[in-house]
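Contents: one structure, followed by commentary.
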Amino acid sequence: MPNQKSCMFFLTLVFASLLAVAHGQDQQEKKLDVPYVPTPQTVVDAMLNMAAVNKDDVLYDLGCGDGRIIITAAKKYGARGVGVDIDPDRIKEANANAKQAGVSDRVKFIEQDLFQTDFKEASVVTLYLLPEINLKLRPILLSQLKPGTRVVSHAFDMGDWKPDKAETVDGDRKIYFWIIPETKTTKQ
């Protein structure tokens, strides 16, 4: 028959183990740098139009949310696309939306930190992030993307990297457009 001390020791070990597991799960949870706010469809359409998306494009949407930009590009223009998001719930939702839209053969969604993503294949990149994330991402875009690649951001610019175009949609929503230059001299 176990004594009281050994029971207390066992319970302490069980409690410590549970705490360690819980702490490990907390460490594994990915930090979301940007809250999920869906881009209105009118803005999606304006972004894709501004980038002149076509059937030959490979569009990467960084912070893809529910996948609406990639899905629209595939459905309306025949483009292929890759959506990147760190939130597994958004990736599940995006895959379900792609299946429902009938474009699963042209799009894929990956759960990944966009700062760890290789998007060299992109001919178009779309963003709806935050100003500080755009600034942090800018040197990566300039180093990874080929000259001529088009970048479109909803709501936020890239600091002193002046856009090639900017326009207002739906009265107050800004979109910004850049083309990766031949000589990448833009400040990083």
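Every read-out reported here was derived from the displayed coordinates using simple, explicitly stated rules and does not represent laboratory data. What you see is a predicted model; the values in this text were computed from it and never measured. Cβ sites come from the backbone with ideal geometry, for glycine too, and all protein chains shown count toward neighbours.
Stretching LYS146 away from GLN100 to a fully extended chain increases their span by 13.3 nm, per 0.36 nm per residue minus the current alpha-carbon distance.
The Cα center of region 146-165 and the Cα center of region 68-92 differ in position by 20 Å. Applying the criteria of a DSSP loop state and at most 16 other Cβ atoms within 10 Å to the GluC sites (Glu not before Pro) of region 100-180 yields GLU121.
With N as its number of residues, region 41-179 has a Cα radius of gyration that, divided by 2.2 N^0.38 Å, comes to 0.95. 3J(HN,Hα) couplings calculated from phi for region 157-171 with the Karplus curve 6.51 cos²θ - 1.76 cosθ + 1.60 (θ = phi - 60°) are, in sequence order, 8, 10, x, 7, 7, 5, x, 6, 8, 8, 8, 9, 10, 6, x Hz; Gly and Pro show x. Among all the aspartates and glutamates, which ones have a C-alpha under 19 Å from LYS55's C-alpha, if same-chain residues fewer than 8 places away are not counted? Filter leaves ASP45, ASP105, GLU121. Using 27 Å as the Cα-Cα cut-off, could you pick out the over-long pairs in LYS76/LYS99; LYS99/LYS174; LYS108/LYS162; LYS76/LYS108; LYS75/LYS146? Cα-Cα > 27 Å for LYS99/LYS174; LYS108/LYS162; rest within.
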